[in-house]
Amino acid sequence: MTDLAIIGAGPAGLAAAIEAASLGLSVTVIDEQPAPGGQIFRNVERASSDPALAGEYGSDGAALVRRFRAAIQAGGIDYRASTTLWHLDTVGGVLSLRGESGTGSLVAQRVLLATGAQERPVPIPGWTLPNVLTAGAAQILLKQAGAVPRGRTVLAGQGPLLWLLADQLAKAGATPALLLETTPRGALRQALPAGLAGAGFWRGRAMLAKGATLMAASRRAGMRVISHVTGLRAEGEGRLQRITWDGGGSTEADTLLLHEGVIPSTHVSRALGLPHQWDETQLCWRPEVDAWGATPNPLLAVAGDGAGIGGWQAATATGALAALDAACRLGRLPEHARDSRAVPHRHLLRRMLALRPFLDRLYAPAPGVLAPADDDTIVCRCEEVTAGQVRAAAALGATGPNQAKAYLRTGMGPCQGRMCGTTVAAVIAQARGIPIAEAGALRPRAPFKPITVGELADLPAG
Amino acid sequence: MFAQRPDPRPATVEVFVGDAALRVPEGSTAAAAVMLAGLPAIRETPVNGSPRLPYCMMGICFDCLAEIDGVANRQACMVTVRPGMRIAPQHGARAARMSA
Amino acid sequence: MPNPSPAARTAYDAIVIGGGLVGAAIGYGLQRQGLATLLLDEGDIAHRASRGNFGLIWVQSKGLGNPHYQRWTRGSAEEWPALADDLHTRTGIDPRRHQPGGVTFCLGEEEFAARGEYMARMQAEAGNFGFEYRMIRAAEARDMLPGIGPEVTGVSWTPYDGHASPLHLLRALHTGFTGLGGTYLPNAGVTESTAAPGDFSVSAAGQRFTAPRVVLAAGLGNAALAPRFGLEAPVVPERGQILVTERTQNLLPMPTVSLRQTAEGSLMIGDSKEDAGLDTVTQSPEIMKTMARRAVRCFPWIAELNIVRAWSALRVMAPDGLPIYDQSERFPGAFTANCHSGVTLAGTHANRLAPMIAAGALVPEMSLFSARRFDVRTAA
Ligand SMILES: Cc1cc2nc3c(=O)[nH]c(=O)nc-3n(C[C@H](O)[C@H](O)[C@H](O)COP(=O)(O)OP(=O)(O)OC[C@H]3O[C@@H](n4cnc5c(N)ncnc54)[C@H](O)[C@@H]3O)c2cc1C
Ligand SMILES: Cc1cc2nc3c(=O)[nH]c(=O)nc-3n(C[C@H](O)[C@H](O)[C@H](O)COP(=O)(O)OP(=O)(O)OC[C@H]3O[C@@H](n4cnc5c(N)ncnc54)[C@H](O)[C@@H]3O)c2cc1C
Ligand code: FES
């Protein structure tokens, strides 16, 4: 029995664990990665001195993980690396886990989902070809293995992470040849009011400056940038060879790295039946939470990017807030103390979210990213189902992704709809002339990650 | 295809990708080893036999399913390398071993 | 741009309420009989056994003590080849029917003996209709099904059993129905209705539709709808869970009652019976474990396969577990159909029941399936 079980050892989970342990709660932190850090600070304990990763990763990331290790030393935190949550009984608080030594279970008084974000799928023609990856994938290869793409590398899409990656690759001696930026003409003008509102630009000035520096640096290193690109296609026989785009654009390429921003990973929160809402600015589903990250379920809270994209510092703030709330609910912290301890975290959160409305509008994915126009484009990578087939299912009567799944198997493959779910909903919405929110979301089921029949059969009783 | 940068990240763990031996840095995953080995595909899909390589590297897309140390359909991007690990590409649907 | 709503016409020859396997099979049958049919259905996350079932065309244990149910089920297994061919030809969608016979596993001598007795009684009840079966010892069963575990003492086998892809079936029925000119309206839960003999109206999706015939095939929804049409459908939910593994190369030549390999190559593991109310989100690891254990005891080699999906869905159960087919005495033209084997019975639903409904009345033998059987019991 543990007071607080935290799923995810990224910035949100780490901050929550440190805060909760400091309040005397017994904490169990579960993460499927072998080391703490989450997506942004993946493998930071081994890679912090890599010059390509200098900056936030090498300094702030390493410091956060050191604080977590110190908190473990101080007692009160049970950190289980390489352990996956595959089922959660939200009534009894029973977590079903799978680690390197088999399956097991754990009972918790409160559960915090800090499962983070995933990159938005970018379903362009040819995106299933070998050597087409996400930008985040290339960054993970750099963080985990120090590896960089070889040959002619092209980045395509938009968003801060793409520029960060360009800079990191340049520092690693592998400057990308070309960035095909998909931000539409006029997006900046349309986004400006969101930045001016509430002094967003002023409060987010450090972030803006950082962004400008990154852009300048990778251009200096020799990366060409083509703006307002539409109609991206990846082409080649058995592997990526060429990239083309509207207006006759074409280039040879060995590696294509796609990115259109990140969206909350809602696989687990949806499987648990938590209410979600469609976020019209971030164009993604997010679980409904209150100012403490608490969901309507008395056991469950969600913090970090899994509750809505805010970046890693915002994630540490929401993680800490959820920990304070957990302590309060478990009777270890009076409400007034919770509220006063929350003040610095809320302050940080406000500062970190100041620039979001501007960024969200500037980098809003084009309609064709949400619902590919070309009928032959694969939307479900696992079952190899195309946008045209989804449109046909919509015509036959599929009103949402769950019926489409029954018709087409979209969402039935190994990824269980993590990749295709939102795209299928968007294609149906477009075909039926309804908002995406109305088309709805897939209802995934446990196991959240595959387990073998044998592992399931050997579960210890009770 | 991906390349190593031995200066900041020495390659110390020997694994086998297909039949080829390869050294990769500690903390790498089996999927990273496949990318470094320059394999044309880690699997062919059971649906149409199309070649795939890892796409997301973070456990979302399941395009990195491979046979690792004799066990089929493991998510290679979620498996940390160990010395002597054998990573083999998969063709179509896996087999089950009846004699096991 | 495809736009399935609103419906252009409002007067039909028949209205079927419920677009699951039962409603779709009947609707398809009616439309094929030349009746202009409207099929009304709910939305994307409706409770739908048809989307969550196991896909067996299963005969061997159906109807002990109720030979009419065994005959009806056998009839459906006989109709299946024609239905599957018809759908495939019309729609290009192959329901993946495969009826090589099937087996039920017995673990331990006790189970084997009990199963033998059960099958003998089935045969005795069948009388002149006949019931072919064999109790097969493990050694021989190993030649039929590879990799059977040491705890298996034997199997019961009948030639009638088989399986199909329930999802292909549902899509083929919907596509075939629409292709024949039928009108399928999703997001169209029936809210209001009026009934008079041979004259019905229902409101759904903001429209009012009329027809001289109405068929209630709304699964669990029938319980609430039936009384409005002078019928009864005392069905309750019963939760069943299913585990599905990743695709594997072809291994199982025939289905078993709790394990089958789909045409795509996945292994499906069923089955559990629990009382769960209308809850399809909650899954119980304890029940999943029990299912996995039994599966591994039958086929030890599946232990290493990954489970990629598991779900629970709600069976549509009458108090005695038998189907309910009925016609309204007060309002002739109103029919109801409920069963917990919508895949198995698709053959009779499309090919035998629909023609009766089109003709205006169920044949007398069908009265054994009437919900009035429950009144008799409570009165007795
Ligand atoms: C690939 C990628 C790269 C990114 N890189 C950057 C970057 O360089 N800079 C930047 O500012 N932002 C980056 N981001 C944005 C990032 O989401 C946030 O900055 C930050 O990581 C959010 O922190 P978090 O704690 O909410 O979640 P995460 O850091 O994502 O942590 C979630 C953790 O939960 C674990 N987890 C998830 N599901 C389970 C389960 N079922 N069982 C066990 N464990 C589970 C995961 O392994 C992960 O470690 C990146 C995002 C992605 C997807
Ligand atoms: C776990 C499990 C395993 C099974 N395995 C098998 C098997 O192997 N073989 C087999 O033959 N059978 C099997 N079944 C049973 C089979 O799935 C059901 O018999 C069949 O699906 C029932 O179909 P239905 O159309 O009556 O009900 P449903 O599929 O529930 O469909 C009813 C439809 O009616 C709609 N509806 C409800 N109310 C209204 C309203 N007021 N207005 C409009 N529409 C409405 C609903 O939205 C729904 O679409 C299994 C069932 C379960 C749960
Ligand atoms: S590469 Fe996407 S899951 Fe491994």
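The values are calculated or read from the model by the stated rules, or taken from the named source; none is laboratory data. Please read all numbers here as calculations on a predicted model, not as lab measurements. Every residue, glycine among them, receives a Cβ derived from its backbone with ideal geometry; neighbour counts consider all protein chains shown. In case anyone asks, the SASA skips ligands and DNA or RNA and just uses the protein heavy atoms, side chains included. Shrake-Rupley method; radii C 1.70, N 1.55, O 1.52, S 1.80 Å.
Numbers for the structure displayed
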item: The lone exception for residue A:297 - which of (1) in a helix (DSSP H, G or I); (2) more than 15 Å from the chain's Cα centre (by Cα); (3) of a type in the set (S, T, N, Q); (4) surrounded by fewer than 24 Cβ atoms within 10 Å (Cβ to Cβ) it fails; result: (1)
item: Which listed residue is closer than 29 Å to residue A:259 by Cβ, small (Gly, Ala, Ser), away from ligand 3 (no atom under 16 Å from the Cβ) and part of a loop (DSSP other than H, G, I, E, B), from B:41, B:96, B:11; result: B:11
item: Meets criteria (over 21 Å from the mean Cα position of the chain (by Cα), in a helix (DSSP H, G or I), more than 10 Å from ligand 1 (Cβ to nearest atom) and within 14 Å of chain B (Cβ to nearest Cβ)) for residue A:52; result: yes
item: Odd one out for residue A:67 among (1) under 16 Å from residue A:312 (Cβ atoms); (2) over 22 Å from the mean Cα position of the chain (by Cα); (3) within 14 Å of another protein chain (Cβ to nearest Cβ); result: (3)
item: Qualifying residue in the stretch A:423-433 (condition: facing chain C (nearest Cβ under 8 Å) and either touching a residue at least 12 places away in the same chain (Cβ under 8 Å) or within 23 Å of the chain's Cα centre (by Cα) (or both)); result: yes
item: Number of positions in the stretch C:339-360 that are outside any helix (DSSP H, G or I), among the polar types (S, T, N, Q) and modelled with pLDDT of 95 or more; result: 1
item: Subset tally (residues that are within 10 Å of ligand 1 (Cβ to nearest atom), open to solvent by 20 Å² or more (accessible area, probe 1.4 Å) and at the interface with chain B (Cβ under 8 Å from one of its Cβ atoms)) for the stretch A:120-160; result: 0
item: Residue match in the stretch A:8-18 (condition: in a helix (DSSP H, G or I), more than 13 Å from chain B (Cβ to nearest Cβ) and closer than 25 Å to residue B:25 by Cα); result: yes
item: Pair list, Cβ under 7 Å, 6 or more apart: the stretch A:2-19 residue at negative phi and acidic (Asp, Glu), other residue at pLDDT 95 or above and assigned to a helix (DSSP H, G or I); result: A:19/A:320; A:19/A:323; A:19/A:324
item: Odd one out for residue C:325 among (1) more than 12 Å from ligand 2 (Cβ to nearest atom); (2) open to solvent by less than 10 Å² (accessible area, probe 1.4 Å); (3) more than 30 Å from residue A:444 (Cβ to Cβ); result: (1)
item: Any pair with Cβ under 7 angstrom, 6 or more apart, that starts in the stretch B:45-57 at a residue that is more than 7 Å from every other protein chain (Cβ to nearest Cβ) and ends at one that is more than 16 Å from ligand 2 (Cβ to nearest atom); result: B:49/B:92
item: Sole residue being assigned to a loop (DSSP other than H, G, I, E, B), open to solvent by less than 30 Å² (accessible area, probe 1.4 Å), within 14 Å of chain A (Cβ to nearest Cβ) and away from ligand 1 (no atom under 16 Å from the Cβ), chosen from C:63, C:43, C:23; result: C:43
item: Whichever residue in the stretch C:221-262 is more than 14 Å from every other protein chain (Cβ to nearest Cβ), under 24 Å from residue C:143 (Cα atoms) and of a type outside the set (D, E, K, R) and, among such residues, is farthest from ligand 1 (Cβ to nearest atom); result: C:254
item: Strands (runs of 3 or more DSSP E) within the stretch A:68-135 that include 1 or more residues hydroxyl-bearing (Ser, Thr, Tyr) and within 16 Å of ligand 3 (Cβ to nearest atom); result: A:84-89, A:132-134
item: Residue list for the stretch A:24-49, filter: more than 14 Å from every other protein chain (Cβ to nearest Cβ) and over 27 Å from residue A:101 (Cα atoms); result: A:24
item: Failed item in (1) hydrophobic (A, V, I, L, M, F, W, C); (2) in contact with a Pro (Cβ under 7 Å, 6 or more places away or on another chain); (3) within 16 Å of ligand 1 (Cβ to nearest atom), with residue B:56 passing the rest; result: (2)
item: For residue C:172: the one exception among (1) under 23 Å from residue C:62 (Cβ atoms); (2) part of a helix (DSSP H, G or I); (3) open to solvent by less than 30 Å² (accessible area, probe 1.4 Å); result: (1)
item: Which numbered condition residue B:76 misses (of (1) within 21 Å of residue A:419 (Cα to Cα); (2) away from ligand 1 (no atom under 16 Å from the Cβ); (3) open to solvent by less than 10 Å² (accessible area, probe 1.4 Å); (4) more than 7 Å from chain A (Cβ to nearest Cβ)); result: (2)
item: Residue in the stretch A:12-23 that is open to solvent by 50 Å² or more (accessible area, probe 1.4 Å) and either over 22 Å from residue A:101 (Cβ atoms) or of a type outside the set (Val, Ile, Thr) (or both) present; result: yes
item: Residues of the stretch C:130-160 that turn out to be over 21 Å from residue C:113 (Cβ atoms), within 23 Å of the chain's Cα centre (by Cα) and touching a residue at least 60 places away in the same chain (Cβ under 8 Å), as a count; result: 1
item: Residue check, residue C:83 out of contact with any Asp or Glu (no Cβ under 6 Å at 6 or more places or on another chain), of a type in the set (A, V, I, L, M, F, W, C) and within 15 Å of ligand 2 (Cβ to nearest atom); result: yes
item: Number of positions in the stretch A:249-258 that are within 11 Å of another protein chain (Cβ to nearest Cβ) and not aliphatic (A, V, I, L, M); result: 2
item: Sole exception among (1) crowded, with 24+ Cβ neighbours inside 10 Å; (2) more than 16 Å from the chain's Cα centre (by Cα); (3) more than 19 Å from residue A:165 (Cβ to Cβ); (4) within 12 Å of ligand 1 (Cβ to nearest atom) for residue A:43, by number; result: (3)
item: Single condition residue A:389 does not satisfy, out of (1) more than 9 Å from chain C (Cβ to nearest Cβ); (2) open to solvent by 30 Å² or more (accessible area, probe 1.4 Å); (3) assigned to a loop (DSSP other than H, G, I, E, B); result: (3)
item: Residue in the stretch B:58-70 that is farthest from ligand 2 (Cβ to nearest atom), counting only those that are more than 9 Å from chain A (Cβ to nearest Cβ) and open to solvent by 10 Å² or more (accessible area, probe 1.4 Å); result: B:69
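Here is a yes/no grid of residues against (1) within 26 Å of the chain's Cα centre (by Cα); (2) free of Cβ contacts under 8 Å to residues at least 60 places away in the same chain; (3) under 30 Å from residue A:351 (Cβ atoms); (4) part of a helix (DSSP H, G or I):
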{"position": "A:184", "(1), (2), (3), (4)": "yes, no, yes, no"}
{"position": "A:198", "(1), (2), (3), (4)": "no, no, yes, yes"}
{"position": "A:209", "(1), (2), (3), (4)": "yes, yes, yes, yes"}
{"position": "A:213", "(1), (2), (3), (4)": "yes, yes, yes, yes"}
{"position": "A:219", "(1), (2), (3), (4)": "no, yes, yes, yes"}
{"position": "A:228", "(1), (2), (3), (4)": "yes, yes, no, no"}
{"position": "A:237", "(1), (2), (3), (4)": "no, yes, no, no"}
